[in-house]
Amino acid sequence: MSIINITDSTFKNETKDGLVLVDFWAPWCGPCKMIAPVLEEIDEEMGDQVKIVKLNVDDNQVTTADFGVMSIPTLLLFKDGEVVDKVIGFQPKENLVEMISKNQ
């Protein structure tokens with residue numbers, strides 16, 4: 001798998017099945033840039049267990065508001081369309097791997 005960018009219109013379809021990690025981010029956000037390579041590593045190592053998608057908060061304000069995202073990066077973990085976990089701000093890889101693993 002590879003990380004894909006999603007939009008307000010594709011959000012529901014992309015998060016409805018299986019385990020999906022959604023990265024709410026923006027191009028101007030420093031911590032978002034820091035977490036991007038971490039997410040790419042996780043995608044390479046765990047891509048068969050979790051789908052990782054990115055949602056630009058500036059371009060997709062409906063979904064951002066629906067989930068009450070106030071600061072970025074915010075990462076929401078969905079399982080079959082429901083939020084099962086959430087972290088805000090930069091996270092080390094180990095924390096994200098643990099969050100994914102415990103929700104499988």
Being of a type outside the set (A, V, I, L, M) and either closer than 17 Å to G30 by Cβ or modelled with pLDDT under 95 (or both) is the filter here; which residues of segment 67-104 pass it? S71, P73, T74, G89, F90, Q91, P92, Q104
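Residue-by-condition table, conditions (1) surrounded by 13 or more Cβ atoms within 10 Å (Cβ to Cβ); (2) modelled with pLDDT under 95:
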site	(1), (2)
K12	no, no
L21	yes, no
A26	yes, no
V38	yes, no
G47	yes, yes
I52	yes, no
V57	yes, no
V62	no, no
A65	no, no
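The values are calculated or read from the model by the stated rules, or taken from the named source; none is laboratory data. Predicted model only: the values in this text are computed from it and were never measured. Using ideal geometry, Cβ is built from the backbone for each residue, glycine included, and neighbour counts are taken over all protein chains shown.
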